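Asker: Before I ask anything, here is the structure I am working with.
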Amino acid sequence: MSNVKKIVLAYSGGLDTSIILKWLQETYKAEVVAFIADVGQGEETEPARKKAVDTGAASVIVADLREPFVRDFVFPAMRANALYEGCYLLGTSVARPIIARAQIDALRETGADAVSHGATGKGNDQVRFELTYMALEPNVRIIAPWRDPNWTLNSREKMIEYANQHNIPVPVSKAKPYSSDRNLLHISFEGGILEDPWNEPPEDMFLLSVSPMAAPDIPTYVEIDFEEGTPVAVDGERLAPVMLLEKLNALGGANGIGRVDMVENRFVGMKSRGVYETPGGTILYAAHRAVESITMDREVMLQRDQLSPKIAQLIYNGFWFAPEMEALTAFVNKSQENVTGTARIRLYKGNCTVVGRRAEKTLYDPKIATFEEDEGAYHQADATGFIRLNSLRLRARRNAGLF
C-alpha cells in the first residue's frame, strides 16, 4: 500500500463514497482527490464538494459532464432503442462510462497512482467502472474497497455507524435505508425495504414524478422533432440536449410518467430489485419509435430491433468502449439517417401514448394503405401469387406427410 500516494475517487457524497473517502485516507495513508461528475444531479454537486473538503479530501474536481452525457450517451442509447430486459432505460448504466472516462482524465491530470469507486462487490457498477478504466488505461491501479481484504464495513448499518464515529453526514438513515442514484436521465432506488420484491415502494420515495393517481385529470400533449434519430425540438422550440431532456422530465414528471419497478438480472449472476423514475426518457423512447415507424425500412428496423437487446446488454454490463459496441453503434447510426420527423405524444396519469406522427420523407403512403379507392396505386390481385409462393414450402410439407 505504501507505493500509492494519490487516489482519484469517484465521489458522489452519498453513503458509500462518503465513508470510502475517509477509509482510503486511513488505510492507504494517501491523498484522496474527490472526483465529482455532474451528470445532472444539480443541487447535489455543491454540497458534495463541501462534504468532500470537510471529510479531508486533498482536492476536489467537479466536472460538468451534462451536455456530453445526454448528447453522446443518452441519445445514442435511445437511437438504438436499448431497453434492458424490456423495462430498464439504463439510466445508471449509461452514466458510468462517461464518469469513468472523466475519472481517468483526472488521474492523468493530477498524476495520481490509482483510481477508486464505491461500487460493491455484488453489483454491476464495479464492472462498468473498471472495464472503462482498463479500456482507456490498461495498467491502471484500481482500489475497490468493497473487495479489499481490509474492508470490514460490509453492511449499511456498519457504514452508518462508521460515519457517525467520524462525524460524516450521510443522506440515509436506519429508518429510510434505501439508496438512490440520480442523473439527468433518471433516479434509481435500491436496497433496504426494496430488497423484499413484495413490498410496494412508499410514495414519498419518488422525487421526479407525481403519483399517476394524483396526476392532472386533463392530458398534456407534447410534440418532439427528430433529425436523423436525434431529438432536437419540443413543441417547435429547438433546444440543446440538456435543456430538451430537462423539459421532458418536467412534463413527464408532472403527469406521473416513467416509473418502473422491476427485478433484473445483474451481470454478476444474481437477481436484484430496482425502482426507477425516467420521465423524459420514457417520452423520448416512445416518440422516437413513432418517427421510426414511418421513416425506417421494415427490414432495417427488424435488424436494428434484433440488435437492440444486445446493445442494451452491452451497456448494462459495462462494455460501452468494447469493439462490438462500436460495430453495433455504426449500424444503428446508419439506420437512423432517414429518421427525421415529428411525434405527438399524450401524457395522462402515467400513460405515454403516441397519438400522431409525421415526416416530410415518409414511407407511409396513404394511397397504398387506404381501404378506399387507391387510383391504381396497389393491385390487390398481385397478392395471389405472393401468397401462393409463400405457401409453397407449407404445401410441400403437407404433401410429404410431415404435418
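The values are calculated or read from the model by the stated rules, or taken from the named source; none is laboratory data. This is a predicted model, so every value here is computed, not measured. For neighbour counting, all protein chains shown are included, and Cβ atoms are generated from backbone atoms with ideal geometry for every residue, glycine included.
Asker: Being in a loop (DSSP other than H, G, I, E, B), modelled with pLDDT under 95 and outside the structural domain of Asp225 (by TED's automatic domain parsing) is true for just one of Tyr378, Tyr364. Which residue is that? Give the derivation first.
Answerer: Working: Tyr364 fails: modelled with pLDDT under 95.
None of the other options fit; the residue is Tyr378.
Asker: Further question: Please work out if Thr110 is more than 19 Å from Arg147 (Cα to Cα), without any contact (Cβ under 8 Å) to a residue 40 or more places away in the chain and in the same structural domain as Ser155 (by TED's automatic domain parsing). Step through it out loud before you land on a result.
Answerer: Details: more than 19 Å from Arg147 (Cα to Cα): yes; without any contact (Cβ under 8 Å) to a residue 40 or more places away in the chain: no; in the same structural domain as Ser155 (by TED's automatic domain parsing): yes.
The answer is no for Thr110.
Asker: Same structure, new question: All but one of (1) surrounded by 17 or more Cβ atoms within 10 Å (Cβ to Cβ); (2) without any contact (Cβ under 8 Å) to a residue 40 or more places away in the chain hold for Tyr162; state the number of the condition that does not hold.
Answerer: The failed condition is (2).
Each row is one residue, and each column tells you yes or no for (1) over 27 Å from Pro68 (Cα atoms); (2) surrounded by 14 or more Cβ atoms within 10 Å (Cβ to Cβ); (3) modelled with pLDDT of 95 or more.
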position	(1), (2), (3)
Leu208	no, yes, yes
Ser211	yes, no, yes
Glu237	no, no, yes
Val242	no, yes, yes
Asn249	no, yes, yes
Gly252	no, yes, yes
Phe267	no, yes, yes
Val275	no, yes, yes
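Asker: If only one of Ile224, Ile193, Ile218 is in a helix (DSSP H, G or I) and at negative phi, which one is it? Show your work before the answer.
Answerer: Details: Ile224 fails: in a helix (DSSP H, G or I); Ile218 fails: in a helix (DSSP H, G or I).
It is Ile193.
Asker: So which of Val4, Val74, Val70, Val53 ends up being in contact with a Phe, Trp or Tyr (Cβ under 9 Å, 6 or more places away or on another chain) and of a type in the set (Val, Ile, Thr)? It would help to see each step written out before you state the result.
Answerer: Working: Val74 fails: in contact with a Phe, Trp or Tyr (Cβ under 9 Å, 6 or more places away or on another chain); Val70 fails: in contact with a Phe, Trp or Tyr (Cβ under 9 Å, 6 or more places away or on another chain); Val53 fails: in contact with a Phe, Trp or Tyr (Cβ under 9 Å, 6 or more places away or on another chain).
Sole residue among the options that is in contact with a Phe, Trp or Tyr (Cβ under 9 Å, 6 or more places away or on another chain) and of a type in the set (Val, Ile, Thr): Val4.
Asker: Quick one: is Leu251 closer than 15 Å to Cys352 by Cα and in contact (Cβ under 8 Å) with a residue 60 or more places away in the chain? Break it down stepwise before answering.
Answerer: Numbers: closer than 15 Å to Cys352 by Cα: yes; in contact (Cβ under 8 Å) with a residue 60 or more places away in the chain: yes.
So Leu251 fits the description; yes.
Asker: Which residue out of Gly56, Gly123, Gly86 is over 12 Å from the mean Cα position of the chain (by Cα) and free of Cβ contacts under 8 Å to residues at least 12 places away in the same chain? Before you say what the answer is, go through the steps one by one.
Answerer: Details: Gly56 fails: free of Cβ contacts under 8 Å to residues at least 12 places away in the same chain; Gly123 fails: free of Cβ contacts under 8 Å to residues at least 12 places away in the same chain.
Within the list Gly56, Gly123, Gly86, the selection yields Gly86.
Asker: Looking at segment 229-238, is at least one residue closer than 23 Å to Arg79 by Cβ and hydroxyl-bearing (Ser, Thr, Tyr)? Lay out the reasoning, then the answer.
Answerer: Of all residues in segment 229-238, those closer than 23 Å to Arg79 by Cβ come to 229-238.
This time we only want the ones that are hydroxyl-bearing (Ser, Thr, Tyr), so: 230.
Within segment 229-238 (the criterion being closer than 23 Å to Arg79 by Cβ and hydroxyl-bearing (Ser, Thr, Tyr)), the answer is yes, since at least one residue qualifies.
Asker: Considering only residues of segment 151-168 that are within 19 Å of Thr55 (Cα to Cα) and outside any helix (DSSP H, G or I), which is modelled with the highest pLDDT?
Answerer: Trp151
Asker: Let me ask something else. Can you tell me how many residues within segment 30-51 are in a helix (DSSP H, G or I) and of a type in the set (S, T, N, Q)? Write out each step before concluding.
Answerer: So in segment 30-51, the residues in a helix (DSSP H, G or I) come out as 42-51.
Filter once more, so that each one left must be of a type in the set (S, T, N, Q): 45.
Residues flagged as in a helix (DSSP H, G or I) and of a type in the set (S, T, N, Q) within segment 30-51 amount to 1.
Asker: Right, here's the next one. Please work out which residue is surrounded by the most Cβ atoms within 10 Å (Cβ to Cβ), limiting yourself to segment 1-29 and to residues that are under 26 Å from the mean Cα position of the chain (by Cα) and part of a loop (DSSP other than H, G, I, E, B).
Answerer: Result: Tyr11.
Asker: Being surrounded by fewer than 15 Cβ atoms within 10 Å (Cβ to Cβ), out of contact with any helix residue (DSSP H, G or I) (no Cβ under 6 Å at 6 or more places or on another chain) and modelled with pLDDT under 95 is the requirement here; does Asp204 meet it?
Answerer: Working: surrounded by fewer than 15 Cβ atoms within 10 Å (Cβ to Cβ): yes; out of contact with any helix residue (DSSP H, G or I) (no Cβ under 6 Å at 6 or more places or on another chain): yes; modelled with pLDDT under 95: yes.
Yes: the conditions hold for Asp204.
Asker: Does segment 291-331 hold any residues that are among the aromatic types (Phe, Trp, Tyr) and without any contact (Cβ under 8 Å) to a residue 40 or more places away in the chain, and which are they?
Answerer: Of all residues in segment 291-331, those among the aromatic types (Phe, Trp, Tyr) come to 316, 319-321, 331.
Selection gives Phe331 alone.
Asker: Among the residues of segment 231-288, which ones are of a type in the set (Val, Ile, Thr) and assigned to a helix (DSSP H, G or I)? Break it down stepwise before answering.
Answerer: Taking segment 231-288 as the starting set, the residues that turn out to be of a type in the set (Val, Ile, Thr) are 232, 234, 242, 257, 260, 263, 268, 275, 278, 282-283.
Selection gives Val242, Thr282, Ile283.
Asker: Given the conditions (1) assigned to a helix (DSSP H, G or I); (2) out of contact with any Asp or Glu (no Cβ under 7 Å at 6 or more places or on another chain), and given that Ser93 satisfies all but one, which numbered condition is not satisfied?
Answerer: Result: Ser93 passes all but (1).
Asker: Working only within segment 293-322, note down all residues that are in contact with a strand residue (DSSP E or B) (Cβ under 9 Å, 6 or more places away or on another chain) and not β-branched (Val, Ile, Thr). Let's see the steps before the verdict.
Answerer: Taking segment 293-322 and keeping what is in contact with a strand residue (DSSP E or B) (Cβ under 9 Å, 6 or more places away or on another chain), we get 293-295, 309, 312-313, 315-316.
Across segment 293-322, the qualifying residues are Ser293, Pro309, Ala312, Gln313, Tyr316.
Asker: Has segment 293-301 got any residue that is in a helix (DSSP H, G or I), within 15 Å of the chain's Cα centre (by Cα) and buried (at least 16 other Cβ atoms within 10 Å of the Cβ)? So that I can check it myself, show each step before the final result.
Answerer: Of all residues in segment 293-301, those in a helix (DSSP H, G or I) come to 293-295, 298-301.
Still in the list and also within 15 Å of the chain's Cα centre (by Cα): none.
No, the conditions are met nowhere in segment 293-301.
Asker: Could you check Arg101 against (1) of a type outside the set (S, T, N, Q); (2) part of a loop (DSSP other than H, G, I, E, B); (3) under 21 Å from the mean Cα position of the chain (by Cα) and say which number it fails?
Answerer: Tallying (1) of a type outside the set (S, T, N, Q); (2) part of a loop (DSSP other than H, G, I, E, B); (3) under 21 Å from the mean Cα position of the chain (by Cα), Arg101 fails exactly one: (2).
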